[in-house]
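Novice: Pasting in a structure now, in structure tokens, and then I'll have a few things to ask.
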Amino acid sequence: MSDYERIAEAINYITSHVNKQPSLDDVAKQLNLSPYHFQRLFTRWAGVSPKRFLQTLTVRRAKVLLKESMSLLETSNELGLSSTARLHDHFVKLEAITPGEYKSDGAGLKINYGVHETPFGYAFIAVTDRGVCQLSFIDDNNDSRLIVELEKKWSAATMRESKKITKPVINSIFSKDKKQPLSVYIQGTNFQINVWKALLEIPQGKLTTYGQLAKLIDNPKASRAVGSAVGANPVAFLIPCHRVIRASGVIGEYRWGSIRKRSMLCYETLEL
């Protein structure tokens, strides 16, 4: 069997078994390949990992079921997901800006921002048509500093305060009834983007370490650099950097406060 035929068979298998959420091992076994070899082969040919491909199919099917007025729990069960929280995790998409967009400093981009109360205190959020570009918690009521930082990062963009636009987004992020897909539109190095995408792979109620995260991006010796990327996460909670702890089991520091981090982890555990 050629590599093309293997990938075609893998795509067909994943597509026809989406409701059973086949694992990497399950699909690799169908092709008589090791999981490691299959992962590399599929990613090279398809341009995405097998897991990401499955997630795309899952979200597509979930949208159909939800539009048919099926409940979140029913949809999760139909798709072979362990909980409604896992369904929500599938609905979050991260999109990085292109080099051309970076060079233009956000020219033509419209950014709406606002400050809203959340289960973890007040938060400053900025959104574009392509997704959330910033979400930061506020402890000192100095949201003007965050606006200045936003203006520096997207200096050519058009910005305005609009709680009417940002409120529904905040509600969707922190609501337990999450039916709408959420997108994140952010700037970062290739390494940072890979780390932030890997963070989205961590299920709600689960924890990982910096070392495990480094392995997840196929760079096991980069634990320290991973820690820096986690700390630079521009979108709190939605990109769940709070689910990363030290290898010793210590919760550790958090950009928006260790007490807030503990609160988030308790909140997510209670939601399951």
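Novice: What are the pairs with Cβ atoms under 6 angstrom where one residue, in segment 193-215, is not assigned by TED's automatic domain parsing to the domain that holds residue 51 and the other, located anywhere, is among the hydroxyl-bearing types (Ser, Thr, Tyr)? Sequence gap at least six, or different chains.
Specialist: Within 6 Å, the pairs are 202/208; 205/269; 210/223; 211/223; 214/223.
Novice: It is to be established whether one or more residues within segment 114-125 are surrounded by fewer than 17 Cβ atoms within 10 Å (Cβ to Cβ) and either modelled with pLDDT under 80 or basic (Lys, Arg) (or both).
Specialist: no
Novice: Applying the selection to segment 91-107, what residues are free of Cβ contacts under 8 Å to residues at least 12 places away in the same chain and either of a type in the set (Lys, Arg) or in a loop (DSSP other than H, G, I, E, B) (or both)?
Specialist: 98, 103
Novice: Another question about this same structure. So residue 1 passes all but one of these: (1) among the hydrophobic types (A, V, I, L, M, F, W, C); (2) more than 23 Å from residue 200 (Cα to Cα); (3) in contact with a helix residue (DSSP H, G or I) (Cβ under 6 Å, 6 or more places away or on another chain). Which condition number does it fail?
Specialist: Status for residue 1: all satisfied but (3).
Novice: Could you grab me the full set of residues in segment 19-51 that are more than 15 Å from residue 81 (Cα to Cα) and at pLDDT below 85? It would help to see each step written out before you state the result.
Specialist: From segment 19-51, those more than 15 Å from residue 81 (Cα to Cα) are 24-50; that's our starting set.
Within segment 19-51, 43, 44, 45, 46, 47, 48, 49 qualify.
Novice: Follow-up question, since we're still on this one. Looking at the structure I just gave you, is residue 155 modelled with pLDDT of 80 or more, farther than 29 Å from residue 56 by Cα and assigned to a loop (DSSP other than H, G, I, E, B)?
Specialist: The answer is yes for residue 155.
The values are calculated or read from the model by the stated rules, or taken from the named source; none is laboratory data. In this text, all values refer to a predicted model and were calculated from it rather than measured experimentally. In this analysis, Cβ positions are derived from the backbone assuming ideal geometry, glycine residues included, and neighbour counts consider all displayed protein chains.
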